[in-house]
1. Which one is right for this structure if volume of the Cα convex hull per residue in Å³ is calculated from it: [x] 171; [y] 142; [z] 158?
2. Using the structure shown, select from K172/K258; K253/K313; K172/K288 the pairs with a Cα to Cα distance greater than 19 angstrom.
3. Among the chymotrypsin sites (Phe, Trp or Tyr not before Pro) within region 236-318, which fall in a DSSP loop and have no more than 14 other Cβ atoms within 10 Å of their own Cβ?
4. Restricting to the chain, compute how many DSSP beta bridges are antiparallel as a %, nearest 5.
5. Would you mind getting me the FRET efficiency between D192 and K224? Use the beta-carbon distance for r and R0 = 30 Å, nearest 0.05.
6. Where a Cα-Cα gap under 12 Å defines reach, which aspartates and glutamates qualify for K251, not counting those fewer than 8 residues away within the same chain?
7. Where in the chain are the DSSP H helices whose C-alpha atoms run 18 Å or more along the long axis and whose mean Kyte hydropathy is at least -1.0?
8. Amide H of G247 versus every other amide H placed in the peptide plane: which residues, excluding those fewer than 5 positions away on the same chain, fall under 5 Å?
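Readers should treat all values here as calculations from the given coordinates under stated rules, not as data from a laboratory. A quick note: this is a predicted structure, and the numbers were derived from the prediction, not measured. As a convention, Cβ positions derive from the backbone with ideal geometry for all residues, glycine included, and neighbour counts pool all protein chains shown.
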Amino acid sequence: MVGLKGKEVFEKLFARDFCMIALEIASKSESRNDKPWMEEKNPHSPYILIERADGTCYVWYNKEGVSWTNRVLAQRVKSDKAFLKKVETKVREGIKFIRPIYEEQRILDRKDLLIFIDEFLEAYPWIEAMWWIKSMNVKELGVDNSNIVKLRDETEILSAGTEIVIRKSLEKLYPKLRILSSMIRLKELKSDKIPSKEVLGERMKGFVISDSDLILDNLNNFAKQNSYGLQRIEVDSSVSEIKGEVGFRGKVKGVVCKVMGHSDFGKIKDGQILVSPMTMVDFLPEMKKAIAFITDEGGITCHASIVARELRKPCIIGTRVATQILKNGDLVEVDVNEGIVRIIERKEVKRSLY
């Protein structure tokens with residue numbers, strides 16, 4: 001791992017091309033210090049940083065902040081035998097209204113979309129508790145958390161589903177903006193004062209969300225200015241092999257097409273190999289064109305693995321670095337039997353003589 005030394009150190013936990021409002025919901029909710037299961041403020045701030053770059057969004061968490069959150073939740077579980085049941089009940093009650101909407105991926109009018117968002121914001125603190133508790137084991141908690149694990153699996157599409165509802169509804173509400181509608185902020189939707197295409201286009205290029213603040217800058221600059229540390233994986237771009245986990249076995253050769261997010265939809269051609277940080281529900285049409293999938297993230301139950309098994313296409317997941325090492329046009333061999341991606345031929349990059 002490499003990174004900057006700083007007063008707060010952040011680790012990238014996942015990447016998803018979520019629309020601005022979905023990102024604001026996550027940032028605002030997880031940065032709150034008045035969550036119903038908290039008795040004191042989290043001393044580590046900012047708690048979450050969200051970076052848009054390379055056509056997707058990277059979510060970074062304050063390492064000490066996460067450790068603090070997990071300790072608080074573990075202590076609640078150990079001191080209150082009814083707490084796990086309370087979390088389960090609160091999550092089920094909280095998503096009762098929004099669940100059929102995100103499961104059916106309904107497109108909402110402005111009034112209903114705002115109600116949907118408010119309901120999600122209200123339920124979020126308990127959903128967050130469920131996510132962190134699921135990530136802990138019995139030794140850390142002192143009790144069996146299998147019901148929370150089951151609930152987490154049961155609500156697997158909650159994040160992606162709510163994002164799709166918001167994204168598709170915005171596209172319907174503001175058809176002239178097309179994909180730029182995904183850059184509309186929540187306060188702008190509420191006031192119905194939508195920025196120009198130029199403003200939205202600048203946001204699409206890249207930004208940082210620190211708690212609830214939007215900064216039009218890259219994360220490296222923002223971190224340096226604030227003395228934050230970024231814990232990164234050291235990447236050797238000259239490697240000829242990348243290792244990962246088995247999503248679905250098989251062995252194929254093909255040309256790489258990176259699908260980092262929604263702006264890359266339509267680029268992949270039949271027979272190419274899809275490379276992505278992690279696929280989501282609305283990636284399916286792109287995945288049907290590909291002959292294999294390679295992802296940075298994921299496990300055996302992730303979306304890419306499930307689709308790979310359904311479509312019977314080779315899939316290597318959890319490489320951590322595929323999107324950083326592989327380039328569009330590279331010829332690769334996906335050997336899932338060995339869990340290896342071999343780079344056969346790199347696409348030549350044309351360089352200017354000046």
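1. Step by step, volume of the Cα convex hull per residue in Å³ for this structure corresponds to label [z].
2. Checking Cα-Cα distances, K172/K258; K172/K288 exceed 19 Å.
3. Details: sites: F248, F265, F283, F293; in loops: F265.
Hits after loop and neighbour filter: F265.
4. 75
5. My answer for the efficiency is 0.20.
6. The qualifying aspartates and glutamates are E333, D335, E338.
7. In the chain, the long hydrophobic H runs are 63-79, 110-135, 158-173.
8. Here the answer is C315, I316, I317, since their amide H atoms fall under 5 Å of that of G247.
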